[in-house]
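**Q** So that we are looking at the same thing, I have put the structure below in structure tokens.
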Amino acid sequence: MNPGIDLQESFIETLIDLGLPVGAAKAIWMPLPMTVIIIGATLGVLVSVWLERKISAAVQQRIGPEYAGPLGVLQAVADGLKLVFKEDIVPAKADPWLFTIGPVIVVLPAFLSYLIVPFGQNLLISNVGIGIFLWIALSSVAPIGLLMAGYASNNKYSLLGGLRAAAQSISYEIPLALAVLAIVMMSNSLSTIDIVEQQSGYGILGWNVWRQPIGLVLFWICALAECERLPFDLPEAEEELVAGYQTEYSGMRFGLFYVASYVNLVLSSVLAAVLYFGGWDFPIPLDLVSSWLGVSETNPTFQVVTASLGITATLLKAYFFVFVAILLRWTLPRVRIDQLLDLGWKFLLPVGLVNLLLTAGLKLAFPFAFGG
Amino acid sequence: MNLAEGVQIVSFGLLSLMVLGAALGVVLLQNIVYSAFLLGGVLISIAGLYLLLNADFVAAAQVLIYVGAVNILILFAVMLVNKQEDFASLPRSWVRQGATALVCTGLFALLSTMILQTSWLGLNSGAAPETSTTILIGEHLFSDFLLPFELASVLLLMALIGAVVLARREFLPEEIVSSERQPVLTLPERPRQPMVVSSGTSSTPGSTSE
């Protein structure tokens, strides 16, 4: 950790100089990063909705949205506004309380998980020690909301959709955790910062994707299943279940499900980038660049440039994964529910265990390359 | 009292209220689905209490295992069972209620004496441990708590095998089984009496569409 710009310290000191007490200054600072991240996550949703529509159109040789703003970039905003203004209907025999709480429980963990997403050495809300484990734990709460929504709608399709969502989420959580565990084993820490640190130093060659290719595939399949993206979107399979647990929802309550699914997709992509593609790490080691240019690492300008490069690198890598997810959506047919569960329990779980064992063996055999 | 302590006290009060309220709801509400959802609320609040005690790993594990797995499976079971059965008062229900009350009071007395007799001084220094809690837990699990840890895993293995044995029992009518569809892999403890031949009075698990 090098000394340099510390936004938090300087912000608090400015406030203290303005005559505020220390506690108040710290309390004013605290909500700022959270607000920035929440706004960022929401913008990420808008961007990925637009990308989804544009890329889907390109895959199907259509034009896609083009009238709302240049290239249709405002289409997602228009969609959101439409949802806000739609009538909010609660079916007559639905359970109004559970019907309302369900979508909220689905959305909250998705946003809460952004707590641990790093965009730079110190650019994250909280470097909690349990890091990536927090994401796995939080993502297991969402199915309760789905079950709640499915049950409260008083509709057979909804109930079946909710049950499928819960079954799918439970089944794919285990291989996902095993894939993450292999990474954690290599970096000796659950913290996302340490995971990226362990990959940095050699540029693109040091990224985990070269050491964990099986893990990456495993992680990505399971992440798609957890997000209910298309090869695995059984809970909402239109041909079978109308729209699954979303069938009875309209207006902003439906919007919450929609937002949650895209927040989850972006979050999984960012974490895939952090775990396997070196997070904010630039393909060329930046300290090499600084020594070529003859700039000190603590130079403020250099630090600002590094931080913005880090954020850009993280987002580019994350949106690469979003792009892959969208392409997969139009490439692969949906699996059946029994195929889904077979794949999860009989294929991915053993592969995850083997990958973990291999990683442990390689770590013992080559401690310099696999984080001894 | 600075900001952090105030936040801590307020959140402790809120979490305790949530635990107590949700737990009372679990016991007292008539609708079993509400009880199951409130159980999730109880477990999440307890995870919050763990967080206040600097036990972050235990809190996350609580959310992952109790909320994300156990509670979802309870909900699953509740929602898959589609049996409307009117409540019939049992003849000697006071025996059961008396026994329940006895056990609960006994448990409460036991826990209260334990809490009162333990000296809590010196346990809580108020500060977070220097090393990460995950590392501490790992060291304890593989040194002085190795035996309980392994015993728990043996218990889980037994439960797993039991679940497989229960799930492999196929409920098929006797004549079909004996004549043509003899399953290749039959467990010795498979019951020989047919379970589902009678016309539609008993609902099989999985038929939610009645």
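**Q** Which ones in the range A:159-175 are more than 8 Å from chain B (Cβ to nearest Cβ) and surrounded by fewer than 22 Cβ atoms within 10 Å (Cβ to Cβ)?
**A** A:SER171, A:ILE174
**Q** Next question. Collect the residues in the range A:90-107 that are under 20 Å from A:THR42 (Cβ atoms) and away from chain B (no Cβ under 11 Å), keeping them in residue-number order.
**A** If we filter the range A:90-107 for residues that are under 20 Å from A:THR42 (Cβ atoms), which is where we start, we get A:103-107.
Selection gives A:PRO103, A:VAL104, A:VAL106, A:VAL107.
**Q** Would you point out which residue out of A:LEU176, A:LEU190, A:LEU146 is in contact with a Phe, Trp or Tyr (Cβ under 8 Å, 6 or more places away or on another chain), in a loop (DSSP other than H, G, I, E, B) and closer than 29 Å to A:LEU343 by Cβ?
**A** Every option except A:LEU190 fails the conditions.
**Q** I would also like to ask the following. For the range A:81-99, how many residues are touching a helix residue (DSSP H, G or I) at 6+ places or on another chain (Cβ under 7 Å) and either surrounded by 16 or more Cβ atoms within 10 Å (Cβ to Cβ) or on the phi > 0 side of the Ramachandran plot (or both)?
**A** 6
**Q** Which condition breaks for A:LEU134 when tested against (1) touching a residue at least 24 places away in the same chain (Cβ under 8 Å); (2) within 11 Å of chain B (Cβ to nearest Cβ)?
**A** (1)
**Q** Provide a single number: the residues in the range B:44-58 that are within 14 Å of another protein chain (Cβ to nearest Cβ), farther than 21 Å from A:THR100 by Cβ and assigned to a helix (DSSP H, G or I).
**A** Selection size over the range B:44-58: 8.
**Q** Turning to a different aspect of this structure: Could you look through the range A:111-123, keep only residues that are closer than 18 Å to A:TYR276 by Cα and aliphatic (A, V, I, L, M), and pick out the one that is farthest from the other protein chains (Cβ to nearest Cβ)?
**A** A:VAL117
**Q** Is it the case that A:GLN303 is in contact (Cβ under 8 Å) with a residue 40 or more places away in the chain, of a type in the set (S, T, N, Q) and in a helix (DSSP H, G or I)?
**A** So A:GLN303 fits the description; yes.
**Q** Another one. Looking only at the range B:16-37, how many residues end up being under 21 Å from A:GLY145 (Cα atoms), more than 14 Å from every other protein chain (Cβ to nearest Cβ) and among the small types (Gly, Ala, Ser)?
**A** Within the range B:16-37, residues that are under 21 Å from A:GLY145 (Cα atoms), more than 14 Å from every other protein chain (Cβ to nearest Cβ) and among the small types (Gly, Ala, Ser) number 2.
**Q** From the list A:LEU216, A:LEU181, A:LEU224, which residue is within 14 Å of chain B (Cβ to nearest Cβ), part of a helix (DSSP H, G or I) and within 18 Å of the chain's Cα centre (by Cα)?
**A** Going through A:LEU216, A:LEU181, A:LEU224 in turn, the sole match is A:LEU181.
**Q** Name the residues in the range A:70-86 that are of a type outside the set (A, V, I, L, M, F, W, C) and more than 14 Å from A:VAL45 (Cβ to Cβ), would you?
**A** In the first step, residues of the range A:70-86 are kept if they are of a type outside the set (A, V, I, L, M, F, W, C); the result is A:70, A:72, A:75, A:79-80, A:82, A:86.
Listed by number, the residues that qualify are A:PRO70, A:GLY72, A:LYS82, A:LYS86.
**Q** Please go through the range A:266-287 and pick out each residue that is acidic (Asp, Glu) and part of a helix (DSSP H, G or I).
**A** Correct list: A:ASP287 only.
**Q** Sticking with this structure for a sec: Could you list, in sequence order, all residues of the range A:141-158 that are in contact (Cβ under 8 Å) with a residue 24 or more places away in the chain and either in contact with a Pro (Cβ under 6 Å, 6 or more places away or on another chain) or surrounded by fewer than 24 Cβ atoms within 10 Å (Cβ to Cβ) (or both)?
**A** A:VAL141, A:ALA142, A:ASN154, A:ASN155, A:TYR157
**Q** Looking for something closer than 14 Å to B:ASN71 by Cβ, surrounded by 16 or more Cβ atoms within 10 Å (Cβ to Cβ) and not aromatic (Phe, Trp, Tyr) - is there at least one such residue anywhere in the range B:46-54?
**A** yes
**Q** Quickly run through the range A:205-248 and pick out the residues that are free of Cβ contacts under 8 Å to residues at least 40 places away in the same chain and within 22 Å of A:SER48 (Cα to Cα).
**A** A:VAL217, A:GLU238
**Q** Right, A:ALA225: surrounded by 23 or more Cβ atoms within 10 Å (Cβ to Cβ) and touching a Leu at 6+ places or on another chain (Cβ under 7 Å) or not? Before the answer, list the steps.
**A** On the way: surrounded by 23 or more Cβ atoms within 10 Å (Cβ to Cβ): yes; touching a Leu at 6+ places or on another chain (Cβ under 7 Å): no.
No, not satisfied.
**Q** Sticking with this one: Name the residues in the range A:330-370 that are outside any loop (DSSP other than H, G, I, E, B) and closer than 16 Å to A:ALA223 by Cα, would you?
**A** Across the range A:330-370, the qualifying residues are A:LEU340, A:LEU341, A:LEU343, A:GLY344, A:TRP345, A:PHE347, A:LEU348, A:LEU349, A:VAL351, A:GLY352.
**Q** For the range A:328-343, enumerate the residues that are of a type in the set (A, V, I, L, M) and closer than 17 Å to A:SER169 by Cβ.
**A** A:VAL335, A:ILE337, A:LEU340, A:LEU341, A:LEU343
**Q** For residues in the range A:161-210 being among the aliphatic types (A, V, I, L, M) and touching a Ser or Thr at 6+ places or on another chain (Cβ under 7 Å), which is farthest from A:ILE144 (Cα to Cα)?
**A** Checked the range A:161-210; the qualifying residue farthest from A:ILE144 (Cα to Cα) is A:MET186.
**Q** If a residue has to be touching a Pro at 6+ places or on another chain (Cβ under 7 Å) and surrounded by fewer than 23 Cβ atoms within 10 Å (Cβ to Cβ) to count, how many in the range A:229-255 make the cut?
**A** Residues in the range A:229-255 being touching a Pro at 6+ places or on another chain (Cβ under 7 Å) and surrounded by fewer than 23 Cβ atoms within 10 Å (Cβ to Cβ): 2 in total.
**Q** Find the residue count for the range A:291-310, including only residues that are within 23 Å of A:ILE195 (Cα to Cα) and surrounded by 15 or more Cβ atoms within 10 Å (Cβ to Cβ).
**A** Looking only at that region, the number is 6.
**Q** What is the one condition in (1) within 14 Å of chain B (Cβ to nearest Cβ); (2) surrounded by 22 or more Cβ atoms within 10 Å (Cβ to Cβ) that A:ALA260 does not satisfy?
**A** Tallying (1) within 14 Å of chain B (Cβ to nearest Cβ); (2) surrounded by 22 or more Cβ atoms within 10 Å (Cβ to Cβ), A:ALA260 fails exactly one: (1).
**Q** Further question on the same structure: Being facing another protein chain (nearest Cβ under 8 Å), farther than 29 Å from B:ILE137 by Cα and of a type outside the set (Lys, Arg): is that true of A:LEU146 here?
**A** Judged against the criteria, A:LEU146 is not a match.
**Q** Among the helices (runs of 4 or more DSSP H) lying completely within the range B:61-167, list those that include at least 1 residues that are under 29 Å from A:SER139 (Cβ atoms), within 14 Å of chain A (Cβ to nearest Cβ) and modelled with pLDDT under 90.
**A** Filter on the range B:61-167 gives B:72-80, B:133-141.
**Q** Another question, then. Scan the range B:2-24 and tell me whether some residue there is charged (D, E, K, R) and in contact (Cβ under 8 Å) with a residue 12 or more places away in the chain. Write out each step before concluding.
**A** In the first step, residues of the range B:2-24 are kept if they are charged (D, E, K, R); the result is B:5.
Of the ones still in play, those that are also in contact (Cβ under 8 Å) with a residue 12 or more places away in the chain are none.
Looking for residues that are charged (D, E, K, R) and in contact (Cβ under 8 Å) with a residue 12 or more places away in the chain, one finds none in the range B:2-24, hence no.
The values are calculated or read from the model by the stated rules, or taken from the named source; none is laboratory data. From a predicted model like this one, the values you see are computed outputs, not experimental measurements. A quick note on method: Cβ atoms are made from the backbone with ideal geometry, for glycine too, and the neighbour counts reach across all protein chains shown.
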